[in-house]
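Q: Below is one structure. I have some questions about it.
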Amino acid sequence: MSPSLARFVIATRFTLIEHVRNRFAVALVLLFVPLWISLGQFMIVDMGVSFRLWATGEILVARGNELTQISGALNAVTLIVGFAMFSVTFSSGTFDRRLAMAGYPRPQLLLAKVASLVLASAVVSLYATAVMWAYWSPRQPVLLAVSLFSAAVTYGAVGVALGTVVRRELEGIFLVVMISVIDLALQNPIASKGADTALVRLLPSYGAMQSASAAGFSHSVLLSCLGVQLVWFVGAALLSLLAFRRRTRSAVTGRVPSSTQGAPCSLPTARRPKSTTRS
Amino acid sequence: MGALMKVAGIHHAYGGRAVLRGVDMELPRGSLVGIVGENGAGKSTLLKILAGELRPDRGVVRHEGRFGYCPQQVILNDSFTVRQHLELFRTAYSLPDLRRAEEIMEALNFREYAGERVGALSGGTRQKLNLTLALIHDPDVLLLDEPYQGFDWETYVRFWQLAVQLRTSAQSVLVVSHLAYDVDRLDVLWRLKEGVLCAGAGLAS
Ligand SMILES: Nc1ncnc2c1ncn2[C@@H]1O[C@H](COP(=O)(O)OP(=O)(O)OP(=O)(O)O)[C@@H](O)[C@H]1O
Ligand SMILES: [Mg+2]
């Protein structure tokens, strides 16, 4: 294994350890996901409803409780992954900075965060899909899982950005919850009249919701919606990338040193004796 | 031998409050230097600037060689064990092994905690690890901010033995503290007052 790959693997392993040690997030995954979906199954009437898929104009027919489970599952995975990524980023911010200043290459640290985000989102989305599958048969379960995943990674990236920016833990948690609740409440295809579809289309999990509804109750594959979700993810990821670079950069030059080469600005770790000046 | 670190004309202010007003100093090779000063005098601010954590408003810092920085505020990750911290910093510093880390843990007497999660350690033990992380790559210059806070007497004594050992092997150690007990162990003692360094002879309290 090349040294830079090895550093990436080590950083990823440690990030995953950190996630698993976050007992509260793990408990949320184990309990909150099935709870939300089961409440949808048993508390909502299973009357057939027809609704229009905004993305295509197609009219779909679903049972009310199944449709509720989809938006409930989206709510659960976005909250959990958003919270988990926020909480890890928030609590290890200064530590990451110390590691980076000591010479841990920033790209590897950052990629490790991305890898853990992807893994966590995949696990939670598969789990939520499996729980729904236990109650009914979504037409396209794989696409359903992919749709949940796309929303989860988006919120995870938002969580990383918030974890780098906010000053107090509660602020970040409140923001994650608020964004997810508003986002999904407005998209409820039955309750919301879809009157202002222009606004609804701008919500952060619009693509995932459309694609997940299509996966549940039709045979259409809405690649364009997954594309919209991808754009949201990339935007959020770029924001968190910028925030992370800002947070871990060395004050010496204001530049982010590439520590593997012992760049002169990376003072704490310059491998070869060399003289540096800053003014 | 020349100085391992040269500092000239460092100024720094937080908002309107000027904390450093022209700090000049040199850290010769193989020296043990102390900086004392009251709470809030600006010692940690100066050390952050020397370590590249903070950019000064004005002034020049020249470094030679590698250095290690032990911050006043303990910076660890509560989810990881002591050994996991060492593993991460071994990777950060690109060290082939943790032999030096083992020696330091032995010297500071906390080897038995290697497998413990840091969140469950006592304050003094956390500080031992905080300090160890700054030392394991055998830096040429050590910047230590209140390194013995929370240490028991025996560890305190062992810390100074370690510092003297480092000096003997031509490394330079800069210790910052608000206490000036151990002036006789130091080669140079500075006092940070009103934003400048002045000679601090005869400060033993
Ligand atoms: N981030 C900051 N923002 C604003 N003011 C700050 C900040 N950090 C430090 N200060 C102020 O700068 C002054 C110097 O602080 P510093 O932490 O450098 O003191 P110190 O000499 O290390 O004190 P102590 O002995 O208590 O550790 C203090 O008055 C402090 O209030
Ligand atoms: Mg201080």
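The values are calculated or read from the model by the stated rules, or taken from the named source; none is laboratory data. Please read these numbers as outputs of a predicted model, since none were measured by experiment. Cβ: placed from backbone, ideal geometry, glycine included. Neighbour counts: every protein chain shown. All accessible areas refer to the heavy atoms of the entire protein, side chains included, with ligands and DNA or RNA removed. Shrake-Rupley method; radii C 1.70, N 1.55, O 1.52, S 1.80 Å.
Conditions tested, residue by residue: (1) under 30 Å from B:Val23 (Cβ atoms); (2) more than 10 Å from chain A (Cβ to nearest Cβ); (3) open to solvent by less than 50 Å² (accessible area, probe 1.4 Å).
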{"residue": "B:Tyr93", "(1), (2), (3)": "yes, no, yes"}
{"residue": "B:Leu98", "(1), (2), (3)": "no, yes, yes"}
{"residue": "B:Pro139", "(1), (2), (3)": "yes, no, yes"}
{"residue": "B:Pro147", "(1), (2), (3)": "yes, yes, yes"}
{"residue": "B:Phe151", "(1), (2), (3)": "yes, yes, yes"}
{"residue": "B:Glu154", "(1), (2), (3)": "no, yes, no"}
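Q: For residues that are buried (at least 23 other Cβ atoms within 10 Å of the Cβ) and within 14 Å of chain A (Cβ to nearest Cβ), scanning just region B:24-46, find the one that is farthest from ligand 1 (Cβ to nearest atom).
A: So, considering only residues that are buried (at least 23 other Cβ atoms within 10 Å of the Cβ) and within 14 Å of chain A (Cβ to nearest Cβ), the one farthest from ligand 1 (Cβ to nearest atom) is B:Leu27.
Q: Going through A:Gly82, A:Gly57 one at a time, which residue ends up being in contact (Cβ under 8 Å) with a residue 12 or more places away in the chain and more than 14 Å from chain B (Cβ to nearest Cβ)?
A: That would be A:Gly82, the only listed residue that is in contact (Cβ under 8 Å) with a residue 12 or more places away in the chain and more than 14 Å from chain B (Cβ to nearest Cβ).
Q: Please tell me if B:Ala101 is within 21 Å of A:Phe14 (Cα to Cα), within 16 Å of ligand 2 (Cβ to nearest atom), under 19 Å from the mean Cα position of the chain (by Cα) and small (Gly, Ala, Ser).
A: Considered against the rule, which asks whether it is within 21 Å of A:Phe14 (Cα to Cα), within 16 Å of ligand 2 (Cβ to nearest atom), under 19 Å from the mean Cα position of the chain (by Cα) and small (Gly, Ala, Ser), B:Ala101 comes out as no.
Q: Moving to a separate point now. Which residue, of B:Gly52, B:Gly2, is touching a Cys at 6+ places or on another chain (Cβ under 9 Å) and more than 13 Å from ligand 1 (Cβ to nearest atom)?
A: B:Gly52
Q: Any residue in region B:64-84 that is part of a helix (DSSP H, G or I), open to solvent by 50 Å² or more (accessible area, probe 1.4 Å) and more than 7 Å from every other protein chain (Cβ to nearest Cβ)?
A: Checked region B:64-84: at least one residue is part of a helix (DSSP H, G or I), open to solvent by 50 Å² or more (accessible area, probe 1.4 Å) and more than 7 Å from every other protein chain (Cβ to nearest Cβ).
Q: So which residues in region A:1-27 are more than 9 Å from chain B (Cβ to nearest Cβ), closer than 17 Å to B:Leu95 by Cα and either assigned to a helix (DSSP H, G or I) or polar (S, T, N, Q) (or both)?
A: A:Ser2, A:Ser4, A:Leu5, A:Phe8, A:Val9, listed by residue number.
Q: Looking at B:Ala114, B:Ala163, B:Ala199, B:Ala107, which one is over 19 Å from the mean Cα position of the chain (by Cα) and open to solvent by less than 70 Å² (accessible area, probe 1.4 Å)?
A: Just a single option satisfies the conditions, and that option is B:Ala114.
Q: Okay, moving on. Identify the residue in region B:20-45 that is among the polar types (S, T, N, Q) and under 14 Å from B:Lys193 (Cα atoms) and, among all such residues, is nearest to the chain's Cα centre (by Cα).
A: Ranking the candidates gives B:Ser44 first.
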